[in-house]
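Here's the structure we're looking at; comments come further down.
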Amino acid sequence: MSTFPAVESRESEEESDEPEEDEPLLPSSSPRSPARAKGSKFSRWLYRVGERLYGDDLMVHHRDELPRIAYLSATLCCIIGTFWLLDSLKDTIFDTLVGLEHQPKAKVLSVGVTLVLVLYYNRLLDQFSKPAVFYLISVGYAAAFALIALALSNEAIGMPNTASDPRRVLGWISYFAIESFGSLAVALFWAFANSTCSLELAESGYGLVIAFAQLGAVAGSTLATLATLVGVPALCGLGGLGCLMVAGMVRGYVTLFSGMVPGAPSDANWKKSRESPWSSMCTGLFLVLRYEYLALVFGISCLDEIVLTVLDYEMKVIGRARFGDTPEAAAQFAALMGNFGQVTNTLSFAFSLLGFSLVVRTLGLRRTLRLFPAVMLLAVGVNWLLKPDLWVLFACMSVLKALTYALNEPATELLYMPTTEAVKFKAKAWIDVFGTRAMKAAGGLINNAARDKPALLARYGSVPTLLISLALLGIAVLVGKQFDDLIAHGVTVGDDDSLRPGLSQSGLPGPGGRGLDRPSQKGRPSDDQPSGGSPRVDWTKPAPNFPTSQRLSERPGEQPGGPESGLPKSPARLKSTPALA
């Protein structure tokens, strides 16, 4: 694979102690070059805005990666658009066939369904390449939604029969299928992206990926409003076509960016999946339980779901009580939820487009992780002080949901950079799919204890949500510190070969030794590197210490860290571990 101009430029700067005065510091194709300087005033202004929002990493050093970032954004847009279309139909289908009063039970049962799916998903990762897993999941759900659409159009078992009954299996199947598709597809996409993007590219480009993916959410929810014209079964079939589009987008990615595709499973992992299927299925769970760092990632990724579930249900209960039970009141409540979606998606799009990259580069990931828990703690406190109020909850939930999509989720994705591919795909599935579903079920149990009683829900729900928000803030502090230490010391979580003497299972200096600070330790940090603390990462410099299937500057057959790779030769550099995939 050819070396990118930005990488060659940095190599030449590092190899020479003092570059010549007339040596260009940027490639000739750079927007700052004379060739670009002659552009229109608007193009120069647009570049300056992009440089301010996304930095030199994306606008200069990774300009060749912009098409790939755009393609990843389009793929996520397709996934999110399909999910929002189906998710908008989920409650309508379930209410018509089963009855909305059984929804809390459905949320609890969905935990068991996702548990089974995650087990088999982990096994698929040991048997097939990552793109092939994407194809299997997308095509499988496309077939499932096509069959569900046909069944929904049947007069006896489908939507024409409006007599709700908990024994109508079709309603339960459609609910579980829609819930699990959103969790699995999104988790697999981010694992795919994390394993092929560097840390500096992710912090600059993930804001763009999230921003334009929000357009899919708008498009999907807009299509759902056509249910009165084309019918729910037709829209469900359209969701199946969306799943096929996801498979096509992944195939296009593999064709266009063949050098940036995660590696295939090793022969050892394939053999293990055959001989010991349970061990293969539970690999991700074992990793989460083994490493302290991953347990913290689990906490910061999932605990907020409890708070959001309680506040969301409280808002809906107060809204229904305020508008009443008449058909006109139901229409007003539906309009309120539509306005809630519009405000949330608008805020999320604006912040992810204009704010995420700027915030991360300005504050660093360590401080950025604390923002969302702090805002959540403030929202819970305001809601508790002002008692249950519909518009206070509306404002708080709009901001929290928007920051979840535009700030917290992309920030937590960066935490997977110093990990192996086994962690990125297998452990991440347990965290994002099973963990978030379990936390939503926990929030549902709180809601079920005081259902349909806003005052009682506010009284009993405020205490656990306040405590969880405080715990989330503490976890953000701890995981941010560990992330900085992992990057500074070049340790890969999930790769025992990078755990040198004196390191704990978290990958950091632990009990029984000073770890990386021991003077006699081989591969210890250089004298100019701070020790005994958590040095701040310099986001303006390339951070090559992360595992990928193939580095940007590696050629086939070339050893990582070679003379032309642009990677440091220090033994503290993170190792590429495709065999663990």
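The values are calculated or read from the model by the stated rules, or taken from the named source; none is laboratory data. Not measured: the values here are computed from a predicted model. FYI the Cβ positions are ideal-geometry reconstructions off the backbone, even for glycines, and counts take in every protein chain you see. Note: areas computed on protein heavy atoms with side chains; ligands, DNA, RNA excluded. Shrake-Rupley method; radii C 1.70, N 1.55, O 1.52, S 1.80 Å.
Conditions tested, residue by residue: (1) part of a helix (DSSP H, G or I); (2) open to solvent by less than 50 Å² (accessible area, probe 1.4 Å); (3) within 26 Å of Gly435 (Cα to Cα); (4) hydroxyl-bearing (Ser, Thr, Tyr).
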{"position": "Tyr141", "(1), (2), (3), (4)": "yes, yes, yes, yes"}
{"position": "Ile148", "(1), (2), (3), (4)": "yes, yes, no, no"}
{"position": "Asn154", "(1), (2), (3), (4)": "no, no, no, no"}
{"position": "Ser164", "(1), (2), (3), (4)": "no, no, no, yes"}
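Just the residues that are among the β-branched types (Val, Ile, Thr), within 24 Å of the chain's Cα centre (by Cα) and under 25 Å from Ala321 (Cβ atoms), please, taken from the range 381-420.
Val399
Tell me which residues, restricted to the range 244-269, are open to solvent by less than 30 Å² (accessible area, probe 1.4 Å) and either in contact with a Ser or Thr (Cβ under 6 Å, 6 or more places away or on another chain) or among the hydroxyl-bearing types (Ser, Thr, Tyr) (or both).
Result: Val246, Ala247, Tyr253, Met260, Pro262, Gly263, Ser266.
Which of the residues that make up the range 376-408 are under 27 Å from Leu201 (Cα atoms) and either in contact with a Leu (Cβ under 6 Å, 6 or more places away or on another chain) or not small (Gly, Ala, Ser) (or both)? Don't jump to the end; show me each part of the working.
To start, the set of residues in the range 376-408 that are under 27 Å from Leu201 (Cα atoms) comprises 399-408.
Passing the criteria: Val399, Leu400, Lys401, Ala402, Leu403, Thr404, Tyr405, Leu407, Asn408.
To keep it simple, each residue is scored yes or no on (1) crowded, with 17+ Cβ neighbours inside 10 Å; (2) charged (D, E, K, R).
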position	(1), (2)
Leu369	yes, no
Val382	no, no
Lys387	no, yes
Ala395	no, no
Ser398	yes, no
Leu403	yes, no
Asn408	yes, no
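So, in the range 442-461, how many residues would count as being open to solvent by less than 10 Å² (accessible area, probe 1.4 Å) and modelled with pLDDT of 80 or more?
Total satisfying the criteria: 1.
Any residue that is in a helix (DSSP H, G or I) and under 21 Å from Tyr405 (Cα atoms) - is there at least one of those in the range 250-259? Spell out the reasoning first.
Step one: filter the range 250-259 for residues in a helix (DSSP H, G or I), giving 250-256, 258-259.
Next, only the ones that are under 21 Å from Tyr405 (Cα atoms) stay: none.
So far as the range 250-259 goes, no, none of its residues is in a helix (DSSP H, G or I) and under 21 Å from Tyr405 (Cα atoms).
Out of all the residues in the range 101-127, which are touching a helix residue (DSSP H, G or I) at 6+ places or on another chain (Cβ under 7 Å), open to solvent by 10 Å² or more (accessible area, probe 1.4 Å) and of a type in the set (A, V, I, L, M, F, W, C)?
Val108, Val111, Val113, Leu115, Leu117, Leu119, Leu124
So which pairs qualify, if the first residue must be in the range 410-425 and within 17 Å of Val133 (Cβ to Cβ), the second must be at pLDDT 90 or above and open to solvent by 10 Å² or more (accessible area, probe 1.4 Å), the Cβ gap must be under 7 Å, and the two must be at least 6 apart or on different chains?
Filtered contacts from the range 410-425: Ala422/Leu287; Val423/Leu287.
Could you tell me whether any residue of the range 276-288 is touching a Ser or Thr at 6+ places or on another chain (Cβ under 7 Å), under 19 Å from Ala187 (Cα atoms) and of a type outside the set (Val, Ile, Thr)? Let's see the steps before the verdict.
Step one: filter the range 276-288 for residues touching a Ser or Thr at 6+ places or on another chain (Cβ under 7 Å), giving 280.
Now drop any that are not under 19 Å from Ala187 (Cα atoms), which leaves 280.
Remaining after also requiring of a type outside the set (Val, Ile, Thr): 280.
Within the range 276-288 (the criterion being touching a Ser or Thr at 6+ places or on another chain (Cβ under 7 Å), under 19 Å from Ala187 (Cα atoms) and of a type outside the set (Val, Ile, Thr)), the answer is yes, since at least one residue qualifies.
Looking at the range 190-209, can you tell me whether even one residue there is more than 23 Å from Ala132 (Cα to Cα), touching a Ser or Thr at 6+ places or on another chain (Cβ under 6 Å), part of a helix (DSSP H, G or I) and at pLDDT 85 or above?
No, the conditions are met nowhere in the range 190-209.
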